[in-house]
Amino acid sequence: MNNLYNNMNITQDYKGSNDVDYVCEYSDSDSFEHLPHDLVKQTYGVCFFEDKLVIGFGGPKNGWGLIGGSVEEGESLEETLRREIKEESNMKITSFLPIGYQKVTDTRDQKFFYQLRYVCKVTPYGEFTIDGGDGVTEKAITEIKLIDPNDYKQYFDWGEIGDRIIKRAIELKKLL
């Protein structure tokens, strides 16, 4: 991985599951209003239930990761975040703040999109139920786990960008 650090901006190369090379440019941000809504493709939450980090197993990578997903047509970014957290963890967001965003560029054609990251406090609606995704392009979240946030690298390691997202989430959680 190639990484550059500059004022909490991180650039990191990433090879997608389809063997495509991407460039991810992460920036801390307290707002997403400056981003063009039509280029925002995903919202994910670094969700905390009490002092535990909520992670999910499954999805396209069939591994552990944050809870969230794709923006549906006509949805606001907040609606996407709330829907995805409910679908994938059966939890309700009680408060949230922006952490930052990634600009993801496909190196084949230089087309790009944005992925948003939020810190969220959540509470369960009830018992966890499996989110089946759409059954075609999306794979189910089959398990959730509540972990010590300092132990996240035992479940996933997203390099410097992931480290920054989790660190900033832990800092911002105090404001929720």
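Since every read-out is calculated from the coordinates, none of them should be taken as a lab result. Remember, predicted model here, so these are calculated numbers, not experimental data. Neighbour counts run over all protein chains shown; Cβ positions are idealised from the backbone, glycine included.
In order along the range 164-176, the Karplus-derived 3J(HN,Hα) couplings, from 6.51 cos²θ - 1.76 cosθ + 1.60 at θ = phi - 60°, round to 5, 4, 5, 4, 5, 4, 4, 5, 6, 3, 5, 8, 7 Hz, and Gly and Pro are given as x.
Treating only the Cβ atoms of Lys and Arg (+1) and Asp and Glu (-1) as charged, compute the dipole magnitude of the range 1-109 about its Cα centre; round to the nearest 20 debye.
Details: 10 positive and 20 negative charges, 71 e Å.
It works out to roughly 340 debye.
For the range 10-71, a crude dipole built from +1 on the beta carbon of Lys and Arg and -1 on the beta carbon of Asp and Glu, taken about the Cα centre, is about 340 debye to the nearest 20.
Where Lys and Arg each count +1 and Asp and Glu each count -1, what net charge lies around residue 94 among other residues with Cβ under 14 Å from its Cβ?
Details: positive: 82, 86, 92, 121, 173; negative: 50, 78.
Its environment carries a net charge of +3.
A viscosity of 1.567 mPa s and a temperature of 4 °C, combined with the Kirkwood radius over Cα pairs in Stokes-Einstein, give a translational diffusion coefficient for the chain of 79 µm²/s.
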